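Working notes, structure below.
Derivation of every value follows stated rules applied to the coordinates shown; laboratory data play no part. The shown structure was predicted, so the numbers you read here are calculated from the model rather than taken from an experiment. Heads up, the Cβs are rebuilt from the backbone with ideal geometry, glycines too, and the neighbour counts pull from every protein chain shown.
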Amino acid sequence: MHELLLFASVPVHQHHELLQQLAGLTAMQPRHAIERRLIFKAYRKPGLITGRVGGSQDLQQSGDLQRVNKMLNGSMFYTQVVGPVSEKELGPASTSMSTSVPAPDPDTPMAGTDESKPPAPVPNAAVPDGEASAYDYEQQPWRLEFRDIPEAATRSAITTRVMASAALPRGDIVPSMNAWGYGFVTEYLVEGDIFIHNDIVIFLHRVLHYPSSDNEPREPRRNLTALKDMEPLEKTGSYVLQASITVQDGTNQETMKTASQHLFGLREQLKSAVRLEQADRLSLDTRAK
Amino acid sequence: MPVTGVYFIPSHPNASTALSTLTERLRSSFTDEDFIPLGRWALDHKLMRDTPGLLPASANPGQRPSKPRYMQLLSLTHYPSHGFIYTSEPTEKPFHPPSAASSAPSATPANGAVSPGQGGPAPAPTAAASHTSATSQGGASAAETQMLMTTVPPSSYKTLFQHFTYACQPFWCHRLTVTVPNGVVYDIGDFRVRLGDVRQTWPTARVRGTIVEIEWRGPSVVDSLAAASQARRSGSADDVDSGVDLSFSVLEEADIDAEYEATASLIREFWARLGVQGAREAILVPGIGKEIKEKLGRVRGAGRDVGGRSLKDEATLAGLGGVPFEDDIDPAAGTDVARQYMEVLRFNR
Amino acid sequence: MAALTSEEYKVLEQSRQRLVQLTRSLGSLIASLEQGDPLPPWCAAPPEPQPSAKDPQITPQSRSSLQSQANIISNNLVSVSEHLSDHRDLLSSLVAYPGPEYPGRTQGNILEQLLRTKLDPRVEDWVARGREAGTEPSPSALDLSNATSNPTAPATPAQNLLSESELADLWEWAPLEANEEARRRNWGGNFTLEEREAGIQNVVTGLRRQLEDDDGSEEEEEGEEDEGEDEMEIVGVHRKSGGGSGLEFDIAPHHAHIAEPVVPLDEILRYMTTGRMP
């Protein structure tokens, strides 16, 4: 499968307005989405590369060996394991103010509140006792979401990359990922709104961090933190607008062209509001060095 | 999850297989009333090996030959709700702290214990006996399990295989694909028998032999325990649950082991009646019964806490352009027989 | 055991034909889904006002819509099901057995299929799933019946869908009920009571200007009444500074100051991809 994408950075003060504009454009209400995203990185046994290079020079004759050597030098990748969570599972919603707390409140910019924030609470403390919707890690559904580095085509002004998406079993996915050759790196939360415009999925989102603690956990969290205690990666609270089309058969030039045209069409429609652009290829480089 | 046994009769690439002999002996050994053809079944199995392990030992003179690691993907038509992925446990626990991701190579604190001079894979002191032997010891304890079973939705089976061949070349190398395209299922008394020729389709097409799965369909604690926990997972009525708890809470793991042993002898007896020589047997393979014991543990230990926990709502990941989640009512179904198939299909090319 | 009459043969032949029809239409739907590029349209396009012979791309005949194909399949299913139930007595009393001239050696597979007494395990699963879907009340139907507790159109929990007459009832009932509900409310003001109770700052008005909560008499705690009572405040518009006449409009009155993102998009994407902190 292939994925075609355009991106735009959306300052926090424009977020509300853009939501309304997108709702108008797509004729649908935004669908709120919160996702846990776990980043995994392929690992290789240490020392293998050095051990191999010296000894292999005189053994290149065998085609099989050559193939193995080529494979050993092949790319390795970062890949994501993504699971949807509901706001309820994150912890109790604040009762006093708004219901969706990190929604940009322009009168109190995120940057200000962040600095004045008291020390972050222990994640466990956010989980209420006896709450019916308490988070159950064992029941968390997951998907493996793989993205290759974007293709290096210069002629097109659109980010194009190979993708794969596969459902995984629920619960603790780390043992399987480890056995398959992936090690856990870190995790974050993505919070945003989804619109569907014909074949385009529009996702207006931002990255949220768990409240920082001294020791970064070495495995995915089993408890979540209330949304209001999460900290945006971008301190001003800005959003990323991502417009994407998935193409089943990326070798079909015709469908790829059609998809690009649709994305360009959307770029034109949103021109007055945001500037959708191709992303810097290296910023989406999933290769693990 | 019924108790099963799997037999494999290898054959030479160009010779005929044992299938016709087997079918004939089955027919002659049992009366017609007992012998009911049921339909067809099929199997697909892909064997992957760790790529570094494929280098000849001479390529790295100073290095101890590492234990081969395998990844096996199996799909059975009689367990259509998921595919099975069985992977050798990693010898070290990988962890990449985000800070190290920027600069440091793959050497991380977690595996830094390996002496760099040797340059070999971690010698993993926990590594016990290799599981490549086709013998069937009575070792069904989870502690000895060195391969990890994962079940994935059918749609993920192919996608994940493609992912491993595309993105994991430095550590996974596709070695073989074998299929049973046209197996036959019979009900014979208390047994259900699945027969079929195993054909290798990749890298070259050839016949590998004949495979036979013998499933005990008579009364079995293991089977009813599996069924009961499945009913619980699908969220059935509470009174059913409590009844189940009472009857199974008295079971011990030893009872499960005994059940497997007893049924294994029934299956062996059945197989012996056919008088076929040269078969490799997989019944009490390592790791068998793991899921059943876990279920038992949950039934016994959890008490009221487990009852009728509803699965999380289905959800869609639109943010990454994904497709909806599928729900597998009983992800553990068929893991025992999958282990047995994989045991005999772990060919050395 | 009597031989079949010609009438009974006909019934069997009819069953066969109907099943053939059904498999054909299913096959063609599958084929058009798998091979159609682009996918077949959801529903048939309205008839062209003047069918232009110039445009060779428009060939409505060759590309039937998904809905029309679904219709055909549904009709086929109905006819199969009617036929099977009409001739239930005959069909359930028939027993198949191979004649002496049947090529049992060469066509053994078909024979096995014909002589099956149980369903294929896969088919069994389908049947079980179908039964389950048919008997279980769907949660949404239950919710619906709870939410609209009205006497004229009771949604029976055992049914997933409302019947035609229930739908008609619902349509008949809804406008009246809505009207009554509307009358029960005290109209006027910019916010409903619920909205005020939940806090008016949460209400998404879709408007750029701030709506005043003008129901000040009951809203002591709002604290905005002092200015609200005597003098209407006009938000987003104020007299031109500098003493001149005329008004000045705020472009975006919401935002006291504009916070531009400090982390560039590239860095955010890089973090999302590899976890590397900007």
If neighbour count is taken as other Cβ atoms inside 10 Å, put A:THR251, C:THR273 in order from fewest to most.
A:THR251, C:THR273
Run the simple label-point estimate for B:ASP190 and C:LEU170 please: 7 Å along Cα→C-beta, distance reported in nm.
5.3
Obtain the nm distance between the two label points defined at A:GLN29 and C:GLN14 by a simple spin-label model: each point lies 7 Å from its Cα along the Cα-to-C-beta direction.
5.1
Exercise: per-residue mean of other protein chain Cβ atoms within 10 Å, A:239-251:
2
Quick calc, A:SER75 & C:ASN202: beta-carbon distance into FRET formula, R0 60 Å, rounding 0.05, result 0.80
Mean Cβ neighbour count within 10 Å, used as a protection proxy, ranking B:253-259, B:146-152, C:13-19 highest first:
B:146-152, B:253-259, C:13-19
Taking r as the C-beta separation of A:LYS257 and B:GLU89 and R0 as 35 Å, the FRET efficiency to the nearest 0.05 is 0.15
Label model pair B:SER224, B:GLU253: point-to-point distance (7 angstrom along the Cα→beta-carbon line) in nm is 2.4
The set of residues whose placed amide H lies less than 5 Å from the amide H of B:HIS78, leaving out same-chain residues fewer than 5 positions away, is B:ALA42
Mind ordering A:279-285, C:163-169 by average Cβ neighbours within 10 Å, highest first?
A:279-285, C:163-169
Which of the pairs A:LYS70/A:LYS289; A:LYS235/A:LYS289; A:LYS70/B:LYS46; A:LYS41/B:LYS158 have their Cα atoms more than 25 Å apart in this structure?
A:LYS235/A:LYS289
Burial order of peptide ranges C:22-32, A:71-81 (average beta-carbon count within 10 Å, highest first)
A:71-81, C:22-32
Need one value for B:151-161: mean number of C-beta atoms belonging to other chains within 10 Å of its residues' C-beta atoms.
4
Averaged over B:173-185, how many beta carbons belonging to a partner chain fall within 10 Å of each residue's beta carbon?
1
